[in-house]
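What follows is a single structure, written as structure tokens, with notes after it.
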């Protein structure tokens, strides 16, 4: 499902529906303090220099009371609307839902069974991806850590 969708949030909601974790399937993002250091290649991948603003969001994405993934998201606030930036700051709405009107596409950079660097214990699958706007400009760099909760009971 991840490979078939531009948004991990959409894929998780489809997974949540298929596995009957919740009805209706709604993914929420709970902010977590801290996170790994900014990846050394983040600004280059996002096409920004050291003086440009870089947003960061560390969340746990859950559906039906199950934490399905933990995600680290470095993004370019200037490529979002002011309303989108405000929504990311004030709500539990996942980044993929907030940025969906921008019609981004997902470029997978790496996939790994198990935990990538910075992922919590219990990670069964890790993804590193770049979200690109239709004009090709990078929007966000993601590290996603999918938990054993995806496997069901």
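Every read-out reported here was derived from the displayed coordinates using simple, explicitly stated rules and does not represent laboratory data. Everything quoted here is computed from the prediction, not taken from an experiment. Reconstructed Cβ throughout: ideal geometry from the backbone, glycine too, with neighbour counts over all protein chains shown.
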* At what distance in nm do the modelled label points of residue 100 and residue 38 sit from each other, each positioned 7 Å from its Cα along Cα→Cβ? -> 3.0 nm
* Asked: For q = 0.20 Å⁻¹, what log10 I(q)/I(0) does the chain give under the Debye formula with an equal point scatterer on each alpha carbon and no solvent?
  -> -1.37
* **Förster radius 30 Å - calculated FRET efficiency between residue 148 and residue 90, Cβ distance, rounded to 0.05** => 0.45
* Structure fact -> The rounded separation in angstrom of the Cα centers of segment 70-131 and segment 2-57 is 2 Å
* Asked: Ordered by packing density, taken as the mean number of other Cβ atoms within 10 Å over each peptide's residues, highest first, how do 36-44, 99-107 rank?
  -> 99-107, 36-44
* Could you tell me how many degrees, from 0 to 90 and to the nearest 10, lie between the Cα long axis of helix 8-18 and the main elongation axis, the longest principal axis, of the Cα atoms of the chain? => 10 degrees
* Cβ crowding within 10 Å averaged over residues, with 121-132, 69-80 ranked highest first -> 69-80, 121-132
* Based on the Cβ-Cβ distance from residue 53 to residue 23, what FRET efficiency comes out when R0 is 41 Å, to the nearest 0.05? -> 0.55
